[in-house]
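Quick notes on the structure that follows.
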Amino acid sequence: AMSKPGPAYEKLLIELIVQSFGTLGGDSPAIVHCRAVDLPVVQKVAAAAVSKFAAASGTKVEVTCVGDLAPPPTADLDVAFCSGGVIVTNSTGKIKSNNTLDARLAITRQAILPKLREELFGLVAKDR
């Protein structure tokens, strides 16, 4: 799975954090929220994300990493949870970039719905 520790997940986290810094407009300090199990990995890659964002934007962001996102449930699927990735907020929490794997999947799901409907039900009138 993509959220398992390893080079692919570390690379993904760097990209997600850099993208979130851009969404926040380089606002500093930033707080990177992740699952407790991911905290060591996020702390490890945070410096690389800061460097990459600084190289691209000319802005250095100060970062604090917090492992406060809920892990996936074992049985109760009716609770909010995080399968991996990060949520980055500004210091006040008023600006938030949700780059969790769950949020990315929801965006992709919404994007493919029209194509999926077409495949399942045929071409439907555009005004519906």
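The values are calculated or read from the model by the stated rules, or taken from the named source; none is laboratory data. Just so it is clear, the structure is predicted and the values come from calculations on it, not from any experiment. Cβ sites come from the backbone with ideal geometry, for glycine too, and all protein chains shown count toward neighbours. Note: areas computed on protein heavy atoms with side chains; ligands, DNA, RNA excluded. Shrake-Rupley method; radii C 1.70, N 1.55, O 1.52, S 1.80 Å.
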The range 24-46, subset closer than 21 Å to Ile95 by Cα and exposed (fewer than 15 other Cβ atoms within 10 Å of the Cβ), residue modelled with the highest pLDDT: Pro29
Got at least one residue in the range 57-70 being part of a loop (DSSP other than H, G, I, E, B), open to solvent by 50 Å² or more (accessible area, probe 1.4 Å) and within 13 Å of Val88 (Cβ to Cβ)? yes
Report the residue count in the range 89-122 for those that are within 20 Å of Gly22 (Cβ to Cβ) and not hydrophobic (A, V, I, L, M, F, W, C). 13
Kindly establish whether Phe21 is assigned to a helix (DSSP H, G or I), in contact with a strand residue (DSSP E or B) (Cβ under 8 Å, 6 or more places away or on another chain) and at pLDDT 95 or above. yes
Close pairs (7 angstrom Cβ cut-off, 6 or more residues apart or separate chains): over 17 Å from Pro7 (Cβ atoms) and assigned to a strand (DSSP E or B) in the range 32-49, of a type in the set (D, E, K, R) and open to solvent by 30 Å² or more (accessible area, probe 1.4 Å) anywhere: His33/Asp68
Failed condition for Asp102, given (1) under 11 Å from the mean Cα position of the chain (by Cα); (2) of a type in the set (Asp, Glu); (3) modelled with pLDDT of 90 or more, with all others met? (3)
